[in-house]
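The values are calculated or read from the model by the stated rules, or taken from the named source; none is laboratory data. Please read all numbers here as calculations on a predicted model, not as lab measurements. Please note: Cβ atoms are built from the backbone with ideal geometry, for glycine as well, and neighbour counts cover all protein chains shown.
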Amino acid sequence: MKVNEYVRRDAVGLARMVARGEVTPAELEGAAREATREVNGRVNAVVETWPTDDEPVPGGTPLAGVPFLIKDIGVTMAGRRSELGSRLAAGNVAPADSFLMRRLRRAGLVTFGRTATPELAYSITTEPVLHGPTRNPWDLERSAGGSSGGAGAAVAAGIVPLAHATDAAGSLRIPAACNGLFGLKPTRGRVSLGPDADETFNGLAVQGGVSRTVRDSAALLDRILGPEPGDPYTARQASRPYLEEVTRAPGVLRIGVLTQAWGGRRTAPPVTDALTRTVRLLESLGHTVEEATVGLGADWEEFLSATARLFTANLAATVDAVATAFGRPADASTLEPATLTGYHYGQRVSGHEFVAALAIRNAVARSLGQYFATHDVLLTPTLPELPMPLGTYTEDASALDGAGWIDRLNDRSPFTLAFNVAGNPAMSVPLTADPGTGLPIGMQFAADHGREDLLFRLAGQLERAQPWADRTPAVRAGSHPGGDTFL
């Protein structure tokens, strides 16, 4: 299969071609590798590729035979490197598959490499010292987001139709917004993080993926959902496959709109304009849309302080464990400035401060739960501004302490973290773009616990009403005229 044919189809479309005998998994893998060679030198999304197994690809799933990439953190593949985007873990080889990796194999996905992540996934831009910056395919001088920035850039640039991603504070939705992709963060407990972790960042982190079409993300979640023995959280079981939900009508929804973020961060005019256009689209589809007042359950400073303590205490434990495992020092020779200051801050978080931070997590979950008792969906921008130039986030990072770095990230992404804290599902949908620059703008939709079904129905409706597949970035493998046809 030629690259320009490969990039014209999404994962479900490619798997259907495999099922019909029109193409083999090996031919798809060859096209994916050629696409990698064609564009990765410009976007730096894939940090390593490897030979795939000679074993037959499992069939019978909507994703069987499709090329796939895993993030360099959050999932392990036996015998493959998992370096966490860091010099501290450089050279680490995973001894076994994680639960998620087993499910990806059973789905028939052909995993041939790993994507870039910031050091220890501790940023919302992907610019690690270990591998260098990942560049946005829409504008190579801008960030691809993070921490799943490598996944976002790889999918947008046509290397794979969908890729693994994680999300602890927006790390899946932010790259989706920056790269013009669809990305849904599942409910806490929907996908297992085991066996090496029961929870990550005290339940804030989840597993998922980014894709060019809604149905690809639905098909992926169908294949990876469900608890494993010993998991601390579970989510409400879906009544039918999410792939079926994509084509079902959502009905008339009551949707609240939050234009300005908690904490007073102002939304930039291009994003506000995009939000206004989204509201009009929703109203044209028959939904009831109204301005929302949504309390966090804590004031903004309490919220920032609590999240800083949770993130840095977890970071400190991770750094100590990795440093001990490899016999390396946790200092400036192995850690970037923001990570190092976060590590030191986390070492000073006391037990009672940590417990108090968990109480704030509970207050946020209760407050958002009250909102979703009377509304179906909450709409916000995914980000308050367009994708930022590379270097914006890391400028003068050494001057910030651990709390200051978390404040900086929340200032740049004030809409996403609350749904990690509360555990609600939330998705970024690439409904529009900035007319002046052509850069994509993501809209975030959140719902009550366990209501990914509702989000997939709404996303499918929006995709049909205002398709985005014909918008392609400046850097795209197999560039061709005429847009995309996902068959």
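So the values come out like this:
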{"item": "Check on Gly108, touching a helix residue (DSSP H, G or I) at 6+ places or on another chain (Cβ under 8 Å), surrounded by fewer than 24 Cβ atoms within 10 Å (Cβ to Cβ), at positive phi and not aromatic (Phe, Trp, Tyr)", "result": "yes"}
{"item": "Test: Gly146 is under 16 Å from the mean Cα position of the chain (by Cα), farther than 23 Å from Ser479 by Cα and assigned to a strand (DSSP E or B)", "result": "no"}
{"item": "Top-ranked residue of region 458-487 - restricted to ones that are among the aliphatic types (A, V, I, L, M) and closer than 21 Å to Ala32 by Cα, ranked as modelled with the lowest pLDDT", "result": "Leu487"}
{"item": "Any hit, region 29-37, residues being buried (at least 21 other Cβ atoms within 10 Å of the Cβ) and under 29 Å from Leu340 (Cα atoms)", "result": "no"}
{"item": "Residue among Leu221, Leu162, Leu243, Leu225 that is at pLDDT 95 or above and more than 28 Å from Ser413 (Cα to Cα)", "result": "Leu243"}
{"item": "Residue in region 246-261 that is surrounded by fewer than 21 Cβ atoms within 10 Å (Cβ to Cβ), at pLDDT 95 or above, within 30 Å of Thr61 (Cα to Cα) and under 24 Å from the mean Cα position of the chain (by Cα) present", "result": "yes"}
{"item": "First in region 8-23 and under 15 Å from Thr213 (Cα atoms), second anywhere and in a helix (DSSP H, G or I) and among the acidic types (Asp, Glu), Cβ under 8 Å, 6 or more apart", "result": "Asp10/Asp216; Ala11/Asp216; Val12/Asp216"}
{"item": "Test result for Asp216, of a type outside the set (A, V, I, L, M, F, W, C), assigned to a helix (DSSP H, G or I) and surrounded by 17 or more Cβ atoms within 10 Å (Cβ to Cβ)", "result": "yes"}
{"item": "Residue match in region 40-59 (condition: surrounded by 17 or more Cβ atoms within 10 Å (Cβ to Cβ) and acidic (Asp, Glu))", "result": "no"}
{"item": "Restricting region 135-190 to residues that are touching a strand residue (DSSP E or B) at 6+ places or on another chain (Cβ under 7 Å) and surrounded by fewer than 24 Cβ atoms within 10 Å (Cβ to Cβ), the residue that is nearest to Ser211 (Cα to Cα)", "result": "Arg142"}
{"item": "Long-range neighbours under 7 Å by Cβ, at least six apart or interchain, first residue assigned to a loop (DSSP other than H, G, I, E, B) within region 255-271, second basic (Lys, Arg)", "result": "Gln260/Arg266"}
{"item": "Among the candidates Ala151, Ala165, Ala176, residue that is aliphatic (A, V, I, L, M) and either without any contact (Cβ under 8 Å) to a residue 24 or more places away in the chain or in a strand (DSSP E or B) (or both)", "result": "Ala165"}
{"item": "Matching residues in region 322-347 - criterion: being touching a Leu at 6+ places or on another chain (Cβ under 8 Å) and buried (at least 21 other Cβ atoms within 10 Å of the Cβ)", "result": "Thr334, Leu335, Ala338, Thr339, Thr341, Gly342, Tyr343, Gly346"}
{"item": "Answer from Asp396, Asp401, Asp320 - the residue that is acidic (Asp, Glu) and modelled with pLDDT of 95 or more", "result": "Asp320"}
